[in-house]
Amino acid sequence: PGYGSMAGGSLDSTHFIAILQELKLLNILPKIHSIVTGYLGNAKQVEPIHAMIKIWQKARPDGRYILDPVLGDGGKLYVDEAIVDAMKHKLLPLAHIVTPNQFELAPIFEEANLSVDHNALLMDIMGKIASRHNLKVLLHEKPFAGINGSGKHNNWSLQTDTGVNLLSPGKTPMRNLQ
C-alpha cells in the first residue's frame, strides 16, 4: 500500500485461513524459530493469526514473534481502523518484538503538549530497555546521509489567552509581527 504497485493484495479469508491451517497440518510450526507478521488486508485476518501464534508459542516457547504493524506512514493510514484495533488487542500482547515506524508509534489522537511528553517519555524508556539488552536506539532525525532516521521532532504552538495562535503566519510581513 502507498507505493502504487499493482502486485500483491489481500487474500480472501478462506484462502488465508487455509494457508495457516496447512502450516499446522504439515507440522511446520514447531520447526519455525521466528514468525514475522506485517501488512494485513483486513481485520478478519487477525484472529486466525492470533490463534496460530498461540499454538506456535506453546510448541516453541523459545521462538520470537515479530509484529511489524504496517499501518501507515506520512500521516495517513494504509489500513482500516478495525485492523489497527485488532492488532493492538490481539497481536501486540503476543509479540516479543514490535517494529513500528514513527507514524505507527505516535499517539495520534492526543493533545499536542501531552503527546510531546509521551514522546519524550517513550524515547527515554526505549533507551533504558535497549541498554538492558545491550542494544542501542537510534532517535536522530537524519543520522546518515541518504538514510531516513526516526523523523522524531516536536511541533510547538503558542497562543494568547483568547486563542490567537502567535505562530500562525500572516499574509503579509507586517501581519507576522505579533
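Values for this structure:
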{"item": "Residue under evaluation Glu81, criteria (1) at pLDDT 85 or above; (2) of a type outside the set (Lys, Arg); (3) surrounded by 14 or more Cβ atoms within 10 Å (Cβ to Cβ), criterion not met", "result": "(3)"}
{"item": "Any chance Lys44 is open to solvent by 60 Å² or more (accessible area, probe 1.4 Å), modelled with pLDDT of 95 or more and within 18 Å of Lys90 (Cβ to Cβ)", "result": "no"}
{"item": "Top-ranked residue in the range 20-41 [being within 25 Å of the chain's Cα centre (by Cα) and open to solvent by 70 Å² or more (accessible area, probe 1.4 Å); ranked as farthest from Arg60 (Cα to Cα)]", "result": "Tyr39"}
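Per-residue answers, yes or no, for (1) surrounded by 12 or more Cβ atoms within 10 Å (Cβ to Cβ); (2) assigned to a helix (DSSP H, G or I); (3) among the aromatic types (Phe, Trp, Tyr); (4) at pLDDT 75 or above:
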residue: Phe109; (1), (2), (3), (4): no, no, yes, no
residue: Asn119; (1), (2), (3), (4): yes, yes, no, yes
residue: Lys128; (1), (2), (3), (4): no, yes, no, yes
residue: Glu141; (1), (2), (3), (4): no, no, no, no
residue: Gly149; (1), (2), (3), (4): yes, no, no, no
residue: Asn155; (1), (2), (3), (4): no, no, no, no
residue: Thr162; (1), (2), (3), (4): no, no, no, yes
residue: Gln178; (1), (2), (3), (4): no, no, no, no
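The values are calculated or read from the model by the stated rules, or taken from the named source; none is laboratory data. Source: prediction; values computed, not measured. Backbone-built Cβ (ideal geometry, glycine too); neighbour counts: all protein chains shown. Heavy atoms of the whole protein, side chains included, go into the accessibility calculation; ligands, DNA and RNA do not. Shrake-Rupley method; radii C 1.70, N 1.55, O 1.52, S 1.80 Å.
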